[in-house]
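The values are calculated or read from the model by the stated rules, or taken from the named source; none is laboratory data. Remember, it's a predicted structure, so these values are computed and weren't measured experimentally. As a convention, Cβ positions derive from the backbone with ideal geometry for all residues, glycine included, and neighbour counts pool all protein chains shown. For the accessible areas, the whole protein counts, side chains as well, though only heavy atoms, and no ligand, DNA or RNA atoms are used. Shrake-Rupley method; radii C 1.70, N 1.55, O 1.52, S 1.80 Å.
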Amino acid sequence: MAQLWGGRFTKETDKLVYNFNASISFDQKFYKQDIKGSMAHVRMLAKQGILTEKERDEILEGLGSILLDVECGKLEITSEYEDIHSFVEANLIDRIGDVGKKLHTGRSRNDQVALDMKLYVRDEITELDGLVKKLLETLLSIMEENVHTFMPGFTHLQKAQPITLAHHMGAYFEMFKRDRGRLADIFKRMNTCPLGSGALAGTTYPLDREYTAKLLEFDGPTLNSMDSVSDRDYVIELLSALSTIMMHLSRFSEEIIIWNSNEYRFVEIDDAYSTGSSIMPQKKNPDIAELVRGKTGRVYGALMSILTTMKGIPLAYNKDMQEDKELTFDAIDTAKGCLALFTGMVGTMKFRKDVMENSAKNGFTNATDAADYLVNHGVPFRDAHGIVGRLVLYCLEKNISLDDMTLEEYQAISPVFQNDIYEAISMKTCVEKRVTIGAPGPDAMQQVIALNRKYLEEN
Ligand code: ARG
């Protein structure tokens, strides 16, 4: 049991207490960030004359060698230490002797862990952003290829109006684009350096907090030392953004599961992303999509957990906050895994364009356009709605579509219909007439695709 404290204690910590309190099993995940933060701290201490240049260089070399040895597997992080901070400091003292004991001058584990967590979250935001961007690139390629691929658009999971596959994918593109915006906002808001806040009330050393912040690429130091050590807002914001990403992935997964079903057959998930059944030889299951949908609950759980943990914590640092790590790490890893797999699945999925188009043709998705035809010939919309409703009823009885009706049958219900009704309600017309920005019409769609291409190039 290696601890950084003990001077005022007369008894050894109970073993169970030690294990309950220790965080090394999980905070070892940010060993790199911990060492990087210590290096900046030491540079600042020397610049301020608190350490000599020789001491600085010895400590930096010691820290560098620890980092290297951990990285190549020569030095193992073991549960012999209470946390990652103790591990690094103890190893430093082992390697360079007494000068290592000066590392923690003007620092507390409270501002140290606040820094480590921020550095870790900041790095992960960059990775997450890259993964969301890859998904956006995949979606945009599908959009570019499918401006003319017709499919039914749904409301209430009932066929509503014809759209295109590009348009449907475009909806998800917008969602994930907003997700990137949220990640960028969090990065910007959280990018202040807590180091130098000490345990809660700053320190008596003449630290240059601006300098440390600059070394670690923060926009500046945090402005209240109590808030610095007890702020986990950025963790909550990230978990909230991850929950929204997962919610989007989950909705998309749900659609893919439906589209991949034997009834729909709109898509076929690639063999590499499907799984079989141990008993039913014919099965090819969309397990990846189901797992992504399922794991969403886990990320929501992390958000609820940290919100609940934080709600009763008086200022400043309290040990409750150690609970932020495992769930945040798990949520980040879960979201990253889901994003990568989902992108692979969507990128290799086959869209059955003929089935989609056929489905759009059979389901009265052009009924609104038939009503619009009547309106264009002077019939008030409410009356037109009623007339087309009767057409649909007639078709349902005869088991045909609007396109299959003869002109005589049309005219028997309303004499306004002429031969041009067929063109007016053809799938091509229905989609191409929707020309306003954001609509599925090919011209409008091409404009949006160009804007989003530019967005991806610039962001
Ligand atoms: N393991 C602790 C955490 O994750 C580090 C900070 C410990 N500070 C303290 N005063 N016990 O929050």
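Could you list all residues from region 390-413 that are open to solvent by less than 40 Å² (accessible area, probe 1.4 Å) and closer than 23 Å to K159 by Cβ?
Residues satisfying the conditions are L391, V392, C395, S401, L402, M405, E409, Y410.
Mind counting the residues in region 25-49 that are crowded, with 19+ Cβ neighbours inside 10 Å and not in a helix (DSSP H, G or I)?
0
If the Cβ limit is 9 Å and pairs must be 6+ apart or interchain, which residue in region 106-120 that is closer than 12 Å to L4 by Cβ pairs with which residue that is surrounded by fewer than 21 Cβ atoms within 10 Å (Cβ to Cβ) and of a type in the set (A, V, I, L, M, F, W, C)?
That search, which allows pairs on different chains as well, returns S108/A199; S108/L200; R109/L4; R109/A199.
For residues in region 330-348 being among the hydrophobic types (A, V, I, L, M, F, W, C) and surrounded by fewer than 18 Cβ atoms within 10 Å (Cβ to Cβ), which is nearest to the ligand (Cβ to nearest atom)?
Among those residues, the one meeting the criterion is A340.
Which of the residues belonging to region 303-324 are in a helix (DSSP H, G or I), hydrophobic (A, V, I, L, M, F, W, C) and either open to solvent by 40 Å² or more (accessible area, probe 1.4 Å) or within 16 Å of the ligand (Cβ to nearest atom) (or both)?
Residues satisfying the conditions are M304, I306, L307, M310, M321.
Specify which of the listed residues (G378, G363) is assigned to a loop (DSSP other than H, G, I, E, B), at pLDDT 95 or above and surrounded by fewer than 18 Cβ atoms within 10 Å (Cβ to Cβ).
G378
Which members of region 119-149 meet the condition of being of a type in the set (D, E, K, R) and either open to solvent by less than 10 Å² (accessible area, probe 1.4 Å) or within 30 Å of V448 (Cβ to Cβ) (or both)?
Matches in region 119-149: E127, D129, K133, K134, E137, E144, E145.
Residues to consider are L128, L200, L136, L165; find the one that is under 30 Å from Q28 (Cα atoms), among the aliphatic types (A, V, I, L, M), in contact with a Lys or Arg (Cβ under 9 Å, 6 or more places away or on another chain) and at pLDDT 95 or above.
After applying the criteria, what remains is L128.
Yes or no: A22 modelled with pLDDT of 95 or more and either within 16 Å of the ligand (Cβ to nearest atom) or open to solvent by 40 Å² or more (accessible area, probe 1.4 Å) (or both)?
Criteria met by A22.
Pairs needed: first member in region 425-441, of a type in the set (D, E, K, R); second member anywhere, open to solvent by less than 20 Å² (accessible area, probe 1.4 Å); C-beta distance under 6 Å; at least 6 residues apart or different chains.
The qualifying pairs are E432/G441; R434/P440; R434/G441.
Out of the residues in region 3-19 that are in contact (Cβ under 8 Å) with a residue 40 or more places away in the chain and within 12 Å of the ligand (Cβ to nearest atom), which is farthest from H104 (Cα to Cα)?
Checking each candidate, the answer is Q3.
Among (1) buried (at least 17 other Cβ atoms within 10 Å of the Cβ); (2) assigned to a helix (DSSP H, G or I); (3) in contact (Cβ under 8 Å) with a residue 60 or more places away in the chain, there is one condition V355 misses while meeting the rest; what is its number?
Of the numbered conditions (1) buried (at least 17 other Cβ atoms within 10 Å of the Cβ); (2) assigned to a helix (DSSP H, G or I); (3) in contact (Cβ under 8 Å) with a residue 60 or more places away in the chain, the odd one out for V355 is (1).
Please enumerate the residues belonging to region 50-86 that are over 38 Å from the mean Cα position of the chain (by Cα) and open to solvent by 40 Å² or more (accessible area, probe 1.4 Å).
Of everything in region 50-86, those that are over 38 Å from the mean Cα position of the chain (by Cα) and open to solvent by 40 Å² or more (accessible area, probe 1.4 Å) turn out to be I50, T52, E53, K54, R56, D57, E58.
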